[in-house]
Amino acid sequence: MTLGLFLLALMVFMCLGMPIAFSLIMTGVVLMWHLDFFDPQLVAQNLISGADSFPLMAVPFFVLAGEVMNAGGISRRIINLAIACVGHRRGGLGFVAIIASVILASLSGSAIADTAALATLLLPMMRDNGYPVGRSSGLIASGGIIAPIIPPSMPFIIFGVTTNQSISQLFMAGIVPGVIMGVGLVCAWIWSAKQIDVEPQPRQSMKARLATAKDGIFALLMPVIIVGGLRGGVFTPTEAAVVAAAYALVISVFVYRELRIKDLLPLFVRAAQTTSIVMFLCAAAIVSSYMVTLADMPQQLVELLGPIMDSPRTLMVAIVIAMMLIGMVMDLTPTILILGPVLMPIVIKAGIDPIYFGVMFVMVGCVGLITPPIGTVLSVVSGVARQPMEVIVKGVMPFLLVYLVIIALLVAFPSIITWPASYLY
């Protein structure tokens, strides 16, 4: 009864066009009325405690780091380095997009920021060189969603906070799956490139490559510092975010000199606007998650899923299918905030590794970002490419199928995630 009321109230508020954050708050209020202990002070206290979280302090700094990298020339230098290395191959600009996606993923942790940067810089170049716009856009969108998997990752931070899991372990566990996603895109693009008749970029001399590498060395050091610091226990994920933002600012302003002091205010404002949205969502989610726990909804779900609780793999298949359907109509952050606290007690009781589940949860949610009809990342690429959504959807399909195969592989063999994660951490 309580579970049904929770889902019904949430769906009604969302269908009425209410923002996700307010829908979560109102759903919590409805559950309070149902359980007969409504207290406005309790709502306010949960809102405050939801935002009063030290790990969430990483969000504004990673957002700021992403803004600075795009405006300060760091992202462009990474793309130039990829062009120097593989641009001369058949379909070379596609390989450039994939390599740049993986490297940028280790810098910002935001699918939308990385996709916007890649699309703005690479799509005009690919169009001018005769690459099909739909397929190029689909590749860039597919590469953009690697960002939330490879550390640093804002979705992993939010998932760790809302489900009380180690963010450092989630970061380390995301490295191998993120690389596998990149390899999968390479395989898909090799097949696609055979159907594209375009002139490759001219092969650059070794001297030119070394010059490009020298120019981009400070950009490439950033992921080394972040991942190395986390792996060595030098700093926490929150402190890593501060290091990333400070490093990006110093390199952009004093080394590359593409940012002036007067240019920083608009960057700070944009980062603050993005942060305020994420933080309010997290605060609102605590209200509903508090009521979910109080109403003992995880136990109700356990009873509902009783027939498959004894088979962790079957349970994961059911969760992945449900997540794919939800990801088609809901963005990643609300999905984490709504379903993470509900599902985590169930998977732990079923004997599924919570870190493995967190990686799978975020990965499936990321695939939803390139799945119609919503597809937030698809919308970003569609806007930059100035192409109708139908063209982008058609272009992304081969890469979407590759991701589905990878998800099936990770469900069948969880050790692909768990073994490297335990070693890296």
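Against the definition (out of contact with any Pro (no Cβ under 8 Å at 6 or more places or on another chain), among the hydrophobic types (A, V, I, L, M, F, W, C), modelled with pLDDT of 85 or more and assigned to a helix (DSSP H, G or I)), how does Val224 come out, yes or no? Here the answer is no, as Val224 does not meet what is asked. Scanning segment 115-127 finds no residues that are more than 19 Å from Asn80 (Cα to Cα) and more than 15 Å from the chain's Cα centre (by Cα). When Met328, Met309, Met324, Met360 are checked against the criterion of being crowded, with 21+ Cβ neighbours inside 10 Å and either charged (D, E, K, R) or closer than 29 Å to Gly28 by Cβ (or both), a single residue qualifies: Met360. Inspect all residues belonging to segment 145-158 and state whether any of them is over 13 Å from the mean Cα position of the chain (by Cα), buried (at least 17 other Cβ atoms within 10 Å of the Cβ) and polar (S, T, N, Q). Scanning segment 145-158 turns up no residue that is over 13 Å from the mean Cα position of the chain (by Cα), buried (at least 17 other Cβ atoms within 10 Å of the Cβ) and polar (S, T, N, Q). Checked against (1) outside any helix (DSSP H, G or I); (2) within 30 Å of Ser382 (Cβ to Cβ); (3) at pLDDT 90 or above, Glu199 passes all but a single condition, namely (3). Checked against (1) at pLDDT below 90; (2) more than 29 Å from Ala21 (Cα to Cα); (3) β-branched (Val, Ile, Thr), Val278 passes all but condition (2). Only one of these conditions is not met by Thr120: (1) at pLDDT below 90; (2) β-branched (Val, Ile, Thr); (3) buried (at least 21 other Cβ atoms within 10 Å of the Cβ). Which number is it? Single failed check for Thr120: (3). Where helices (runs of 4 or more DSSP H) fall wholly inside segment 2-93, the ranges with 2 or more residues that are closer than 30 Å to Ile190 by Cβ are 58-71, 74-86. Those helices (runs of 4 or more DSSP H) of segment 273-382 in which 3 or more residues are out of contact with any strand residue (DSSP E or B) (no Cβ under 7 Å at 6 or more places or on another chain) and among the small types (Gly, Ala, Ser) occupy 312-327, 354-368. In the set (1) within 21 Å of the chain's Cα centre (by Cα); (2) farther than 26 Å from Ile158 by Cβ, the condition left unmet by His34 is number (1).
The values are calculated or read from the model by the stated rules, or taken from the named source; none is laboratory data. What you see is a predicted model, and the numbers here were worked out from it, not measured in a lab. Neighbour counts run over all protein chains shown; Cβ positions are idealised from the backbone, glycine included.
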